[in-house]
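Heads up, the thing below is written out as structure tokens.
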Amino acid sequence: MALYETIDYLVELSKYEINHAGTLTFDVAAANINGWDYTASVSGSEQYAILHSLYSFHAEAGATYDMFSLSYYEPFIMIIYDYLGNPITFNDDAKDPADVVLSDGISYSRAAIWDWVAPYTGTYYIDASWYQGEVFKTYALVLEEDVN
């Protein structure tokens, strides 16, 4: 029996996508912000960020994770995949955090996956699903890890 279920109605990652995913690395959280032990993030500002919104990361079995994606329009659908590229969870739009105004004065939308517990220790993939405007190109993906 599997330790977790996969979501059959969402598309699996291809071998190409798995092999070309960016890599997120966790670092110690600054001053243990909000009780998180480690954080990993990527951000930037470019027109076609959705073309590289898939990242791999290492998670610890039993650790808890919060994940946030930010772009001008609400990100399409954040999905976490297992090491084989099978979708195992995704964000619930009803639980997404409020929009945030960045230093450029523009309001950006966020998607979130809250309190996800890793079922095994190893590699996972996350699709940030950024959805940008033609002018407002800022994007970000943040993962927070609590190993206690």
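The values are calculated or read from the model by the stated rules, or taken from the named source; none is laboratory data. Source: prediction; values computed, not measured. Neighbour counts are summed over all protein chains in view; Cβ atoms, including those assigned to glycine, are modelled from backbone coordinates with ideal geometry. To get the accessible areas, we keep the full protein, side chains included, count just its heavy atoms, and leave off ligands, DNA and RNA. Shrake-Rupley method; radii C 1.70, N 1.55, O 1.52, S 1.80 Å.
Anything in region 110-126 that is surrounded by 15 or more Cβ atoms within 10 Å (Cβ to Cβ) and under 17 Å from Glu144 (Cβ atoms)? List them, or say none.
Arg110, Ala111, Ala112, Ile113, Trp116, Ala118, Tyr124, Ile126
For Pro87, are the conditions met, namely being over 21 Å from Tyr38 (Cα atoms), modelled with pLDDT of 85 or more, under 16 Å from the mean Cα position of the chain (by Cα) and crowded, with 19+ Cβ neighbours inside 10 Å? Let's see the steps before the verdict.
Details: over 21 Å from Tyr38 (Cα atoms): yes; modelled with pLDDT of 85 or more: yes; under 16 Å from the mean Cα position of the chain (by Cα): yes; crowded, with 19+ Cβ neighbours inside 10 Å: yes.
When the stated conditions are applied, Pro87 passes them.
Answer yes or no: is there a residue in region 58-76 that is out of contact with any Leu (no Cβ under 9 Å at 6 or more places or on another chain), of a type in the set (A, V, I, L, M, F, W, C) and within 16 Å of Tyr108 (Cα to Cα).
For region 58-76, residues out of contact with any Leu (no Cβ under 9 Å at 6 or more places or on another chain), of a type in the set (A, V, I, L, M, F, W, C) and within 16 Å of Tyr108 (Cα to Cα): present.
For region 112-138, enumerate the residues that are under 11 Å from the mean Cα position of the chain (by Cα), outside any strand (DSSP E or B) and not aliphatic (A, V, I, L, M).
Within region 112-138, Ser129, Trp130 meet the criteria.
Of the conditions (1) in a strand (DSSP E or B); (2) closer than 21 Å to Tyr139 by Cα; (3) of a type in the set (S, T, N, Q), Gln47 fails just one. Which one is it?
So the condition that Gln47 fails would be (1).
Within region 78-111, can you find the residues that are in a strand (DSSP E or B) and under 20 Å from Tyr4 (Cα atoms)?
Ile79, Ile80, Tyr81, Pro87, Ile88, Thr89, Phe90 - these are the residues of region 78-111 that are in a strand (DSSP E or B) and under 20 Å from Tyr4 (Cα atoms).
Of all residues in region 127-136, count the ones that are modelled with pLDDT under 90, open to solvent by less than 70 Å² (accessible area, probe 1.4 Å) and out of contact with any Phe, Trp or Tyr (no Cβ under 6 Å at 6 or more places or on another chain).
The qualifying residues number 0.
Among the residues of region 14-65, how many are surrounded by 14 or more Cβ atoms within 10 Å (Cβ to Cβ) and closer than 22 Å to Tyr120 by Cβ?
Residues in region 14-65 being surrounded by 14 or more Cβ atoms within 10 Å (Cβ to Cβ) and closer than 22 Å to Tyr120 by Cβ: 21 in total.
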